[in-house]
1. With respect to Glu77, determine if the residue is in contact (Cβ under 8 Å) with a residue 60 or more places away in the chain, assigned to a helix (DSSP H, G or I) and either surrounded by fewer than 15 Cβ atoms within 10 Å (Cβ to Cβ) or acidic (Asp, Glu) (or both).
2. Would you check if Ser27 is open to solvent by less than 50 Å² (accessible area, probe 1.4 Å), under 16 Å from Glu11 (Cβ atoms) and in a helix (DSSP H, G or I)?
3. Report yes if Ile58 is within 11 Å of the chain's Cα centre (by Cα), aliphatic (A, V, I, L, M), closer than 20 Å to Asp4 by Cβ and open to solvent by less than 50 Å² (accessible area, probe 1.4 Å), otherwise no.
4. Name the residue that is farthest from Ala10 (Cα to Cα), counting only residues in the stretch 30-39 that are open to solvent by 40 Å² or more (accessible area, probe 1.4 Å) and in a loop (DSSP other than H, G, I, E, B).
5. For the condition free of Cβ contacts under 8 Å to residues at least 12 places away in the same chain, assigned to a loop (DSSP other than H, G, I, E, B) and open to solvent by 20 Å² or more (accessible area, probe 1.4 Å), what is the one hit in Ala22, Ala10, Ala64?
Amino acid sequence: MTNDCGNIQAEILERLAGRVPAGVHVSADTQIVGGLGLDSVAILDFIMEIEDRFDISIPLDRIAEVQTIGELSRAIEVLSRGAR
C-alpha cells in the first residue's frame with residue numbers, strides 16, 4: 001500500500017468511526033456490505049461523502065467491484081490521480 005493509499009484509508013476509517021454501530025471493528029479487510037453494520041442508504045450516503053471529500057466521482061460499475069475498505073482506498077487513490 002502506498003503512502004497516499006494509507007492516508008486515504010486512515011481518513012476513511014476515521015470517517016466511518018462515527019457511523020458504524022458500537023462494537024463493529026473496521027479495518028482494511030472489512031466488507032463494505034455486511035461488515036459495517038450499515039444499511040444500503042447509509043453506505044450510499046457514506047460513498048457520497050467520500051466522493052465530496054476527495055473531489056472524485058466513483059463510477060457505479062467501479063463501486064460494484066469494490067468489496068472492502070482497502071479496495072475502496074485503492075480505488076480512490078487511482079481516481080484521485082486521474083483527476084489531477
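The values are calculated or read from the model by the stated rules, or taken from the named source; none is laboratory data. All of these numbers come straight from a predicted model, not from anything done at the bench. When we count neighbours, we look across all protein chains shown, and the Cβ atoms used for this are built from the backbone with ideal geometry, even at glycine. The protein model used for the area step is the full one, side chains on, heavy atoms only, and it has no ligands, DNA or RNA in it. Shrake-Rupley method; radii C 1.70, N 1.55, O 1.52, S 1.80 Å.
1. The answer is yes for Glu77.
2. no
3. Spelling it out, Ile58 is indeed within 11 Å of the chain's Cα centre (by Cα), aliphatic (A, V, I, L, M), closer than 20 Å to Asp4 by Cβ and open to solvent by less than 50 Å² (accessible area, probe 1.4 Å).
4. In this case the residue turns out to be Asp39.
5. Testing whether each residue is free of Cβ contacts under 8 Å to residues at least 12 places away in the same chain, assigned to a loop (DSSP other than H, G, I, E, B) and open to solvent by 20 Å² or more (accessible area, probe 1.4 Å) leaves just Ala22.
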